[in-house]
Amino acid sequence: MRRLTKLAPLALALPLALPFIGVSSAWAAGSTNANLTPVPLNGSAGSGTAMVQVDGTTIDFTLEASGLADGPHAAHIHFGADARHECPTASEDADSDNRISTSDGAPAYGPIVVSLTQTGDTSDASGLAVERFASGTSFQYMRGDVTVDPAVAAAVTEGQGVVVVHGVAYEDERKDAMSDLDPALPASATDPALCGILSAAPAGGADTGAGGAAGQQGTVMLALGGAALIAAAGSAPLIARRVRG
Amino acid sequence: MDSDRRGRRGNLAVVAAAVVLAVFGVSAVAVGLQQATAGPPPAPPLTAPSATPTVSPAPTAAPDVVPAPEPPAAAQDLATKTMPRSRPVALTIPAMGIVDSSLVDLGKESDGTLEVPTDYGQAGWFAPGPAPGQFGPAVIAGHVDSKAGPAIFYRLGELQPGATLSVTREDGSTAEFVVDKVERYPKDAFPTAAVYGDTTQRSELRLITCGGEFDSSTGHYVDNVVAYAHLL
């Protein structure tokens, strides 16, 4: 029911937005990268890289992570129009259970919009299809030609997509907690381990030169130096005369 | 006796002045020669833009009916050597005479372009991207020259495939790379996806500087030189 009320404004807005989708020629494209770093409180270590290449409504993605807890690692692109497009901080443990659950992080990164699975469906419906994600302490995989919603493609190129890798290991009483997403799963299977914001590569080239080696500055120094040497040589007879005198 | 002393003091002053002039002259000539003979930075030939554009043209009209998308092909497993993320602190490129040169962190300017180092003698790492050794393309940029003469990446254009370089990281580890190719692109046709995107599925390094003609009206070179290397 809560979900439905959240969707209601969207359902109203959709018909209004539709006529403009065909008109707008906004063709999302670009290279994005996310540095995956540990989500606070959850005891996760490790690091990783997510790369998403956007071409219209098609994305190619590469996901790499290491130093994780052994176990399944569901991974998704999250995006919500009203989310902050950030990774959660320790202060977002809304229910004070000393862990950042996937729901705790939702105000920061929004709902799942793409499931970064290794096979089959990539929609949000596969969010918990743990058997189609990587498992173990480290993994690297890439996948091409994944179709996404135009709004998701645009959000990713605009730096609003957040990649979250789930799956941690709790050693204390938290290991008995159950998942906020699926009461049949332990919380450790779905709590976020790593998080990173997809950010666009720098635009264009780099201004890495000021022209000093291309121009005539060398000639100026040569002229100055030459003049000084001539002056020094010119004083030689004067010195000789003084010394003799 | 008094005039003799005054005369000697005068002689000393003249000799000192001549010595100062001579020393300045020699060093100015040396610097001038270095700058004049340094000449424009070495630049590899321009790289032809790839025949197939990386971005397909925008469709002219949205289709009325969107067919249910076929699930994309299964993911490809990538088993390549990588290192965990750690900030790079120093760069060594023996072929360019760069030894243990400290690195600064770079970000993006407000217009979205790459921030460049303020110190012409120091290269910088694009910190929002992968760290050298980490999976993906790490990017290090340095100036080719200052207003006065050659800067840290002056010789980047003459780097040869097979040359090795290394990056020392904050965690004490060293990432060793070997150069694959060095290319030159007009800045207005910079291949962003090839330089910053994941096109190789391994740990790589990109070294970026300027090259080509210097446009004195803009105060910038018209091209970028990019060296591509991969983790050994």
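The values are calculated or read from the model by the stated rules, or taken from the named source; none is laboratory data. A quick note: this is a predicted structure, and the numbers were derived from the prediction, not measured. All Cβ positions, glycine included, derive from the backbone under ideal geometry; neighbour counts span all protein chains shown.
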Could you check how many residues of the stretch B:138-152 are assigned to a loop (DSSP other than H, G, I, E, B), more than 7 Å from every other protein chain (Cβ to nearest Cβ) and within 21 Å of B:Val178 (Cα to Cα)? 1
Quick one: which residue in A:Val130, A:Val164 is more than 14 Å from chain B (Cβ to nearest Cβ), free of Cβ contacts under 8 Å to residues at least 60 places away in the same chain and surrounded by 16 or more Cβ atoms within 10 Å (Cβ to Cβ)? A:Val130
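Here's the yes/no breakdown for (1) crowded, with 24+ Cβ neighbours inside 10 Å; (2) assigned to a loop (DSSP other than H, G, I, E, B); (3) basic (Lys, Arg):
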{"site": "B:Thr168", "(1), (2), (3)": "no, no, no"}
{"site": "B:Val178", "(1), (2), (3)": "no, no, no"}
{"site": "B:Glu183", "(1), (2), (3)": "no, no, no"}
{"site": "B:Ala193", "(1), (2), (3)": "no, no, no"}
{"site": "B:Asp198", "(1), (2), (3)": "yes, yes, no"}
{"site": "B:Gln201", "(1), (2), (3)": "no, yes, no"}
{"site": "B:Gly212", "(1), (2), (3)": "no, no, no"}
Among (1) surrounded by 13 or more Cβ atoms within 10 Å (Cβ to Cβ); (2) among the β-branched types (Val, Ile, Thr); (3) modelled with pLDDT under 90 - the single one A:Thr62 does not satisfy: (3)
Regarding the stretch A:109-131, can at least one residue be identified that is in contact with an Asp or Glu (Cβ under 9 Å, 6 or more places away or on another chain) and at positive phi? yes
Checking A:Asp95 against (1) in contact (Cβ under 8 Å) with a residue 60 or more places away in the chain; (2) assigned to a loop (DSSP other than H, G, I, E, B), only one condition comes out false. Which one? (1)
List the pairs whose first member sits in the stretch B:177-205 and is closer than 20 Å to A:Glu64 by Cβ and within 11 Å of chain A (Cβ to nearest Cβ), whose second member is of a type in the set (D, E, K, R) and part of a strand (DSSP E or B), and whose Cβ atoms are under 8 Å apart, counting only residues at least 6 apart or on separate chains? B:Val195/B:Arg206; B:Tyr196/B:Arg206
Read through the list (1) in a loop (DSSP other than H, G, I, E, B); (2) over 19 Å from the mean Cα position of the chain (by Cα); (3) more than 14 Å from every other protein chain (Cβ to nearest Cβ), then give the number of the only condition that A:Gly80 fails. (2)
For B:Pro49, are the conditions met, namely being modelled with pLDDT under 85 and at the interface with another protein chain (Cβ under 8 Å from one of its Cβ atoms)? no
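For the stretch A:65-88, name all the residues that are of a type in the set (Gly, Ala, Ser) and surrounded by fewer than 24 Cβ atoms within 10 Å (Cβ to Cβ).
Within the stretch A:65-88, A:Ser66, A:Gly67, A:Ala69, A:Gly71, A:Gly80, A:Ala81, A:Ala83 meet the criteria.
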